[in-house]
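Step one of this worksheet: look at the structure below.
Every read-out reported here was derived from the displayed coordinates using simple, explicitly stated rules and does not represent laboratory data. These numbers were taken from a predicted model, which means no experiment stands behind them. Heads up, the Cβs are rebuilt from the backbone with ideal geometry, glycines too, and the neighbour counts pull from every protein chain shown.
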Amino acid sequence: MSNLSQMLKQAQEMQAKMEELQAALEDLEVEGQAGGGLVKVTLNGKGALKGVEIDPSLMIAKEKEVLEDLIVAAHNQAKEKVEQKTKDEMAALTGGLSLPPGMKLPF
């Protein structure tokens, strides 16, 4: 019976750590850049867009499509960074626990 209570205790500890991680991800800010830094996008650790910085040289009507593409590219780069950071933090939290494909934490 002590094994079961020990497992429950560990599960509760992991849940508390996950809640801490979720809160920390809210505060995390990741920047993605495109066009050699002409466009910068900032996301929080949950993937929410926090800011966009555009170099004034791109504010030309003829460059509209280029600007749109650079914003998308910067956002995608920032999103990849957020996903990698989240993956790394979860791996550290779970001690490298391998979950079945498609199963994500937190549930």
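Below are the figures for this structure:
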{"quantity": "Residues located in region 13-33, provided they are out of contact with any Lys or Arg (no Cβ under 8 Å at 6 or more places or on another chain) and more than 22 Å from M90 (Cα to Cα)", "calculated": "none"}
{"quantity": "Residue, nearest to T86 (Cα to Cα), within region 20-60, restricted to residues that are surrounded by 13 or more Cβ atoms within 10 Å (Cβ to Cβ) and β-branched (V, I, T)", "calculated": "V30"}
